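As structure tokens, the structure follows; a few thoughts come after it.
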Amino acid sequence: MTLETLMMQPGINPKMVVVMFDENFADAVDLVALFGFHVIRLLSSNRYSDQFAKSIDAVWDLSFFAKETKKPDKVIVLEEDLILAVDFLSYMGQLLSTLEADDTVAAVSAWNVNGYTGLSSDPTLVIRTDGFPGLGFMLKRSFYEKHLRGHMETCCINRSWLGWTLPTANSTDILVPDVSRVFRLPPDGSGGNDALLEELFRRERVTNSEPSPVLGSVHLLVNKKYDALIEKLVQSARVITSSQLDGCSRETGSQLVGLFPPASRSAFLVYYGSETELRRLCRCFGLFSAPDQPPKGLYKEVLRFSFNNNQVLLVSSQSVFAQARSDPSVQVN
């Protein structure tokens, strides 16, 4: 389905698509030829990091780019078993200027790890995160060559959705949609990660089905402007205290409707003091929560998501944004 939904993208140019595959899967050649895409066979390896590095390195040097006036400095990576939303390329295109203009953004992701049903509702919203969701993403060449090339064995030995150890210095933020633009078919077998794979791929998720949503306030995604936006949201949000959510779990999450009424379309703020408390809040709202895995989707210790058509921010008391308001003890009754 990956090739089919890619070919269905409005404006797709097959001559700019390259399909890489392990040499042991020679049957893929005939299938790819049907779509008019380029094909490159990779020397066989059982390590994902090897194949990823060989694929990315090969793209920059492909001979059919030689006639291009401007050499490619970005690449869109699609892992296997993905179904693309109808506006996948449109989504990427709308964020291209931000990726080019902001040195602190390493990539644009098409997948929201927290994009579960009930927590993902605004196809026009894009957020910044510190973590790398993987699956489908547009990557800067400069970031790859500086931080990943030659370091795949230390940063990226796992599949991207299992977690990459990206550098903590500049250029590590990722743009992520509130509503995912790719759907990953559940993998066969567990490989010893049953609970994690269940949480990532077998829970009900939302993938955009609108044909051409226009992303909102893209200009506010650049570094300092986004920080100012978060600070403004923190200042104006209605505060829900952590104690009001005591006893809440994914199974009892329906009790949250009274605290976060869908008709209000407001911003709500919940402070947390430790990762243990954040994990409890993630379970409460139904965000990603798996054994031995940290919460995902944070930006400078703020976890932003949609709930009941509201914006919710879980903010660490140690975050740089925690001082944006002087009344962190305010309680909403």
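Could you tell me which residue out of V86, L96, T2 lies farthest along the dipole of the chain toward its positive end? Charges go on the beta carbon: Lys and Arg +1, Asp and Glu -1, centred on the Cα centre.
L96
Taking a probe of 1.4 angstrom, what is the accessible area of T165 in Å², to the nearest 10?
Counting only protein heavy atoms, the figure is 100 Å².
With every protein chain present, what is the per residue accessible area of the chain (1.4 Å probe, Å²)? Let's see the in-between values first.
Values: 15560 Å² over 333 residues.
Computed with neighbouring chains in place, this is 47 Å² per residue.
What does the helix-only formula give at 222 nm for the chain: each DSSP H stretch with n ≥ 4 adding -39500 (n - 2.57), the total divided by the residues, and the result rounded to the nearest 500 deg cm²/dmol? Mind dumping the intermediate values first?
Values: 8 runs with 74 residues, N = 333.
Roughly -6500 deg cm²/dmol at 222 nm, from the helical runs in the chain.
Counting only the heavy atoms of the protein chains, how much of I83 is accessible to a 1.4 Å probe, in Å² to the nearest 10?
I83 exposes around 50 Å² with every protein chain in place.
I'd like to verify something in the chain: which complete DSSP H helices, judged by Cα projection on the helix axis, reach 18 Å or more and average at least -1.0 on the Kyte-Doolittle scale?
Numbers: long enough: 48-60 (19 Å, -0.24); 88-101 (21 Å, 0.76); 223-236 (20 Å, -0.69).
Sorted by number, the helices that extend far enough and score high enough are 48-60, 88-101, 223-236.
Sort out the exposed loop trypsin sites (Lys or Arg not before Pro) in the chain (DSSP loop, at most 16 other Cβ within 10 Å) and tell me the longest stretch that has none.
Working: sites that count: R47, K67, K70, R149, R203, R265, K300, R325.
The longest uninterrupted stretch comes out as 71-148.
Among T129, T154, what's the order by accessible area (1.4 angstrom probe), most exposed first?
Working: T129 5, T154 110 Å².
Sorted by accessible area, descending: T154, T129.
Hey, got the dipole for the chain? About the Cα centre, +1 on K and R Cβ, -1 on D and E Cβ, debye to the nearest 20?
Working: 32 positive and 38 negative charges, 169 e Å.
Charge dipole, the chain, about its Cα centre: 820 debye, nearest 20.
Return the carbon/sulfur percentage of the accessible area of the chain, one whole number, probe 1.4 Å, all protein chains in place. Mind dumping the intermediate values first?
On the way: 8210 of 15560 Å².
The nonpolar share, carbon plus sulfur, comes to 53 percent.
Could you put S319, S266 in order of accessible surface area, largest first, with the 1.4 Å probe and the full protein assembly present?
Numbers: S319 5, S266 35 Å².
The most accessible residue leads, giving S266, S319.
Using the structure shown, select from K140/K232; K15/K225; K54/K224; K232/K296; K74/K225; K140/K296 the pairs with a Cα to Cα distance greater than 27 angstrom.
Numbers: K140/K232 30 Å; K15/K225 37 Å; K54/K224 35 Å; K232/K296 23 Å; K74/K225 24 Å; K140/K296 22 Å.
Listed pairs above 27 Å: K140/K232; K15/K225; K54/K224.
Mind ranking D61, D188, D22 by accessible surface for me, highest first, 1.4 Å probe? Please report the intermediate quantities before stating the final value.
Numbers: D61 115, D188 155, D22 25 Å².
Per-residue accessible area, sorted high to low, gives D188, D61, D22.
Got a sec? Charge dipole of the chain, +1 on Cβ for Lys and Arg, -1 for Asp and Glu; which of T207, V257, T276 is way out at the positive end?
V257
The values are calculated or read from the model by the stated rules, or taken from the named source; none is laboratory data. Values in this document were obtained by computation on a predicted structure and should not be read as measured data. Note that each Cβ is placed from the backbone with ideal geometry, even for glycine, and that neighbours are counted across all protein chains shown. What goes into the accessible areas is simple: the full protein's heavy atoms, side chains included, and nothing from ligands, DNA or RNA. Shrake-Rupley method; radii C 1.70, N 1.55, O 1.52, S 1.80 Å.
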